[in-house]
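See below for the structure under consideration.
The values are calculated or read from the model by the stated rules, or taken from the named source; none is laboratory data. Nothing here was measured: the structure is a model prediction, and the numbers come from that model. Neighbour counts run over all protein chains shown; Cβ positions are idealised from the backbone, glycine included. Heads up: the accessible areas ignore ligands, DNA and RNA and are worked out on the full protein's heavy atoms, side chains in. Shrake-Rupley method; radii C 1.70, N 1.55, O 1.52, S 1.80 Å.
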Amino acid sequence: REQDEKYKTWMPKLLMAKEDKDQRKSSDRVERNIFKVKKSNAEKSKKMEKEEKIFRETFMYDKEINVINTATAECSVPSKRRVDLPLTAGEQLDVIDVTEGSAVICRNSEGRYGYVLVEHLNFR
């Protein structure tokens, strides 16, 4: 009897160790995918810096860029001028600055900046 009890308790420990090993393998795969994402983030950050530089030159904007609020575009609007930001319905935008008129300066998820009319935005 004692030998049977020892054998029974020994087997589950062995099986659990094998399961843990499988979980480690799957977590290693996840970590590898994270490293791939970091590479694309580096490329994306370079593009964002380039867009910011173009924005500062075009708008003659010398203040620090701070996100005041976030908004969602209510409808799709093509850009009529170079300084306007084209919108797609449901797009998330970061509001950077408020102007004197009915427009605000926004940044989209791609890092592009431009004027957007307040009437096209839905604030949370």
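Observations on the structure shown:
- Residue 112 accessible area, 1.4 Å probe, all protein chains in place, Å² to nearest 10: 90
- Distance (nanometres) between label positions extended 7 Å along Cα→Cβ at residue 69 and residue 53: 3.3
- When every Cα-Cα distance of the stretch 64-123 is counted in 10 angstrom steps from zero, the calculated P(r) takes the values 25, 65, 10 percent.
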